[in-house]
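Reading through the structure tokens given below for one structure.
The values are calculated or read from the model by the stated rules, or taken from the named source; none is laboratory data. No experiment lies behind these values; they were computed from the predicted model shown. Backbone-built Cβ (ideal geometry, glycine too); neighbour counts: all protein chains shown. Heads up: the accessible areas ignore ligands, DNA and RNA and are worked out on the full protein's heavy atoms, side chains in. Shrake-Rupley method; radii C 1.70, N 1.55, O 1.52, S 1.80 Å.
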Amino acid sequence: MPIALSKKSRVDLRSDTVTQPTPGMREAMMQAPLGDDVFGTDPSVNALQEKIASMLGFEAALFVPTGTQSNLCAILSHCGRGDEYIVGQQAHCYRWEGGGAAVFGSVHPQPIEHASDGALPLEQIEAAVKPDDAHFARTTLLALENTLGGKLLPFAYVQAATELAKSKGLQRHLDGARLFNAAVAQAQLQAQGGMPGTPSDVAEARRIAQCFDSVSVCFSKGLGAPVGSALCGSKDFIARAHRVRKMAGGGMRQSGMLAAAASYALDHHIARLADDHALAQRLAAGLAGIDGLKVEAPQTNIVFVDLVGEARLRSKELLAYLDAHGILATGLYRLRFVTHLDVDAAGVDLAIAAVRSFFR
Ligand SMILES: *Cc1c(COP(=O)(O)O)cnc(C)c1O
């Protein structure tokens, strides 16, 4: 039976970066007062930087074009040539950024394996910190990521790992590309755990962020802005990061239009991340029980599905079939579906129906 077409012609589950600015966001962009941010005089950029810094409890922030550049600015501001950062094997700032910290900063990565919950085990962090000895690179930074592949790092772990790093004299950086997904999921866990009062998403984001010396946040993922990330930290740290941003070619001019979109996202798109998480649950529930699929229970907005047994051989065929039915996803034997602002329950149901009909 052919599958009915939804209002949206494509159900694009490849990433939460594919979102289009909403009409309200476009209006905010059009109305934004502009200057020249390289002169430091774009009022919309300055307002965004102050807003995100104060939301997360930092002295200062820097608006940058991408999360990759934000992490690069952070690592090169914390570390010098020949310094080393401890990082997860799957971390974006180790695995998915072209080795930029090594290429541009001569900063040496010390990757370690993640535990199944995404954490870097404390004893392995401790063992990776080198003594002060000429044989070794100087270990100067711990970089964590939250959420990591859609997993919320347990808050007690975040506290313990960052305390450990501090006790070893390390700086602490958080790649919080999806910090607000983490915050929304954490607030929900707290509410379920019967914490008194109403846990607030922003308060949870701040609680996570305050365990670190610097935090990078993406506006162009689930928050739905077209472009941009912010790096937060102390005034001195941000002054160093500003210099790296210039060297990396990230100084922008009338970037207030982009900052206005990010600012709009902070005002309107945080709480609604809970909808994306609910849709991810809906998708996972709909795919569970299909022969050949092993569905990982999602904690936020990313659903991983392993193809097992004979289904593994049909992976490419499945993706092509989904594509032909207007459903986009990524992966090979491990498929990834990401929910976001531009996906609704009808779209998720179409995706479920298409996968079911493929395996029928
Ligand atoms: C997307 C992402 C980034 C940055 O990506 P850009 O495409 O450079 O904006 C960094 N870290 C994580 C964890 C991400 O998911």
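See the values below:
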read-out	value
Sites A346 and D267 - FRET efficiency at Förster radius 30 Å, r taken between beta-carbons, to 0.05	0.65
Filtered chymotrypsin sites (Phe, Trp or Tyr not before Pro), segment 284-360: DSSP coil and at most 15 other beta carbons within 10 Å	Y333
Shape category assigned to segment 231-360 from the gyration tensor of Cα positions, a/c cut at 1.5	prolate
Hits among aspartates and glutamates - C-alpha to C-alpha of K151 under 12 Å, sequence gap 8 or more where chains match	D117, E296
Peptides ranked, highest mean first, by Cβ atoms within 10 Å: ranges 144-157, 244-257, 286-299, 219-232	219-232, 144-157, 244-257, 286-299
Theoretical gain in end-to-end length, W96 to D117 [0.36 nm per residue, Cα-Cα removed]	5.6 nm
Cα gyration tensor category, rounded, prolate or oblate, for segment 177-225 with a/c compared to 1.5	oblate
Entries in K168/K246; K130/K235; K166/K235 that, when Cα-Cα distance is taken, lie over 25 Å	K168/K246; K130/K235
Per residue Cα convex hull volume in Å³ - calculated over segment 32-268	117
FRET efficiency, L328 to T198 (Cβ-Cβ, R0 30 Å, nearest 0.05)	0.25
Interchain or long-range residues, amide H under 5 Å from T330's placed H	R336
Within the accessible area of the chain (1.4 Å probe), percent carbon and sulfur	54
Virtual paramagnetic centre 7 Å along Cα→Cβ of D306, amide N under 13 Å, in segment 106-143	116
Point-to-point label distance, E163-M30, nm (Cα→Cβ direction, 7 Å offset)	5.3
